[in-house]
1. In this structure, is residue 239 part of a loop (DSSP other than H, G, I, E, B) and crowded, with 21+ Cβ neighbours inside 10 Å?
2. Of all residues being of a type in the set (Gly, Ala, Ser) and not in a strand (DSSP E or B) in the stretch 24-58, which is nearest to residue 126 (Cα to Cα)? Just the residue, please.
3. For the stretch 264-289: of the residues being assigned to a loop (DSSP other than H, G, I, E, B) and within 13 Å of the ligand (Cβ to nearest atom), which is nearest to residue 346 (Cα to Cα)?
4. Could you list, ordered by first residue, the pairs with Cβ atoms under 6 Å in which the first is in the stretch 81-107 and farther than 26 Å from residue 234 by Cβ and in a strand (DSSP E or B) and the second is within 9 Å of the ligand (Cβ to nearest atom) and of a type in the set (Gly, Ala, Ser), at least 6 apart or interchain?
5. Out of all the residues in the stretch 3-27, which are more than 10 Å from the ligand (Cβ to nearest atom) and either on the phi > 0 side of the Ramachandran plot or in contact with a Phe, Trp or Tyr (Cβ under 8 Å, 6 or more places away or on another chain) (or both)?
6. When both residues are 6+ apart or on different chains and their Cβ atoms are under 7 Å apart, which pairs have a first residue that lies in the stretch 59-74 and is at negative phi and assigned to a loop (DSSP other than H, G, I, E, B), and a second that is within 12 Å of the ligand (Cβ to nearest atom) and among the aromatic types (Phe, Trp, Tyr)?
7. Return only the number of the condition from (1) over 20 Å from residue 97 (Cα atoms); (2) away from the ligand (no atom under 16 Å from the Cβ) that residue 302 does not satisfy.
8. Of the conditions (1) more than 18 Å from the chain's Cα centre (by Cα); (2) over 29 Å from residue 329 (Cα atoms), residue 292 satisfies every one except a single condition; which number is it?
Amino acid sequence: MKNLVILGGGYGGMKILSELLPNHLPSDVSITLIDRVPYHCLKTEYYALAAGTISDKEVRVAFPEHPRLQIKYGEITGIDTKVNQVLMKNADPIVYDDLVIGLGCEDKYHDVPGAAEFTYSIQSIEKARRTYSVLNNLGPGSVVAIVGAGLSGVELASELSESREDLQIKLFDRGKHILSSFPERLSKYVENWFVRNNVEIINESNITKVEEGRLFNHDNPIDCDVIVWTAGIQANQIVRQMDGEKDRLGRLIVTPHHHLPNDEHVFIVGDCASAPHAPSAQLAEGQAEQIVEVLKKRWNGEPLPAAFPTIKLKGVLGSLGKKQGFGVMADRAITGRVARILKSGILWMYKFHNG
Ligand SMILES: Cc1cc2nc3c(=O)[nH]c(=O)nc-3n(C[C@H](O)[C@H](O)[C@H](O)COP(=O)(O)OP(=O)(O)OC[C@H]3O[C@@H](n4cnc5c(N)ncnc54)[C@H](O)[C@@H]3O)c2cc1C
C-alpha cells in the first residue's frame, strides 16, 4: 500500500480529497490527511467570523469519509524529505510515499516592531476566534485600527462597521487608494462606501511601530483599543524553514508539475507554492486539480504532459457588509448588490459541493 500524505485540509488539501475520493483512488493507495483542526475551515469567511456576523459553525465543513482515508489531528512541526517523514508534536513521525504540502499562510509583519506581539489576526481559525472575542467585547465608541486595506482588511472593516455601528474604525493603508491590486474605479467605489459608513481611511500611511493599545503612523502615536493586522502574508513557517528556493513570500518554487525541483514526491499546493498570481483559494483548487492529474498518471504508469495549461482564475469578489460588494469577473469590474449576491452564491455552491 502506498501512502499519500496531505498536510493541511484547507482549500488545496480538500480539493485533492474531493478529486480522488470516492472513485479515483487506486486500490493500492491510501491517504493520510493531517491537520490541527478537525474540519475544513472556510478561511475566506474569517472576516465575518471575527466581526461577529456569522457563527463558528458556518465556517466549518466536515472532512470526507472513506475506508482508505485516515485523518490525523495534530500539530505538524517539520518535514524531513531525506527520510520521507512528517514530524509531529507529541506523536510519532508519519511516513509518506507522496506528500502534498498545503499548510496555507501566516501574517507577515515586515519587521515592524511590536506588530506580531500587539496586533490581532484573521489568518487562522484560532486567531480569528480571538479577534472575534476581543472585538465583540469592546465597549461603545472604542477605537479599532485595521492595518492593511487589501481584500481581507476591507472585508473586515466593512463587516465590522455593520456589526458594531458604535465603533470608531480606522483603516490604514500604504497606498494612495485602498485595494491597490484592484482597478482604481473599484478602489474609489469602496472608499466612498466607507465614507458613507463612518469608516475612516488613512491613506499613504506607514506603520512604524506598534505598542499595546497604540500604533505609530509615520512615527506619530495613535491610541487604539484593538489593532488588527491585515497588511501582508507569507507562507507557513514549516515551508519557510524547508530547504529549497523560495519567492519573496517564502513560497517554495515548484516545477510545472507542482513538485519540488529535487524531489518529485513532494508537491506544494496553495499559499505555500510560488505562483505568478496572488495567493487565493481559487488558485489552490486549480493547483490541486493538476497535482491530482500528475498523481493519477504516475499511479497508472502513463506519461506526464510537459506542462499543464495556465490555471484560469474566474476573478475576485469582495464584500462590503451583507448587502454590497465589489470585484472583477471575466476582466470586468462589478459593484453593488449583484457583486454581493454573486459572492454569496459562490460560497453557497462551495458548501453544497463539499458539505
Ligand atoms: C479574510 C480573507 C478573505 C479571503 N477571501 C478570498 C476570496 O474571496 N477568494 C479567494 O480565492 N481567496 C480568498 N482568501 C485567500 C484564501 O483563503 C487562501 O488563499 C486559501 O485559504 C489558501 O488555501 P490553502 O489550501 O493553501 O491553505 P488554507 O486554506 O489556509 O489551509 C491550511 C490548513 O493547514 C492547517 N495547518 C497549518 N499549519 C499547520 C500545522 N503546523 N499543523 C497542522 N495543521 C496546520 C490549517 O489548520 C488549515 O486547515 C481570503 C483570505 C482571507 C484571510
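1. Working: part of a loop (DSSP other than H, G, I, E, B): no; crowded, with 21+ Cβ neighbours inside 10 Å: yes.
No, not satisfied.
2. 50
3. Among them, the one singled out is 280.
4. Here the result reads 91/74, each pair linking the stretch 81-107 to a residue that is within 9 Å of the ligand (Cβ to nearest atom) and of a type in the set (Gly, Ala, Ser).
5. Within the stretch 3-27, 3, 4, 5, 17, 26 meet the criteria.
6. Within 7 Å, the pairs are 62/39; 63/39.
7. Looking at each condition in turn, residue 302 falls short on (1).
8. Of the numbered conditions (1) more than 18 Å from the chain's Cα centre (by Cα); (2) over 29 Å from residue 329 (Cα atoms), the odd one out for residue 292 is (2).
The values are calculated or read from the model by the stated rules, or taken from the named source; none is laboratory data. Every value quoted in this text rests on a predicted model; they were computed, and no experiment measured them. Reconstructed Cβ throughout: ideal geometry from the backbone, glycine too, with neighbour counts over all protein chains shown.
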